[in-house]
Amino acid sequence: MQRRGKAVDGPDSQRRVEPEASIDLRGTPCPVNFIRSRLKLETVSPGAWLQVDLDSGEPERMVSEGLRSEGHWVESSPLQNPISDVEAPAAVRLLVRRDGA
């Protein structure tokens, strides 16, 4: 049985993460995107994952560095376009594991 917000092993033994919550902050300016990420992360259980979609560049750097400095684990990957399987330009997906597990 899979539990939301936990890392699970897939059928090909490749680890994947099922976020407990998600937030789309594309188009949200700095530092508002960092503040909203922190507030949303507070709603997630310690040790669980939050998915954050945001613009690449400065927003990605500021949110990632800010959350890491608070002790959370942050992974970043290009955001895929759900319609065509092509990377969406200038967008990333962060997976953030809340500290405290």
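Observations on the model:
- Test: residue in region 36-47 that is hydroxyl-bearing (Ser, Thr, Tyr), at pLDDT below 95 and surrounded by 13 or more Cβ atoms within 10 Å (Cβ to Cβ): no
- The set of residues from region 31-73 being part of a helix (DSSP H, G or I) and of a type in the set (D, E, K, R) comprises 36, 38, 40, 58, 60, 61, 65, 68.
- Verdict on residue 83 being modelled with pLDDT under 95 and surrounded by fewer than 15 Cβ atoms within 10 Å (Cβ to Cβ): yes
The values are calculated or read from the model by the stated rules, or taken from the named source; none is laboratory data. Just so we're clear, the structure is a prediction, and the values are computed from it rather than from any experiment. Don't worry about glycine lacking a Cβ; one is built from the backbone with ideal geometry, like all the others, and counts go over all protein chains shown.
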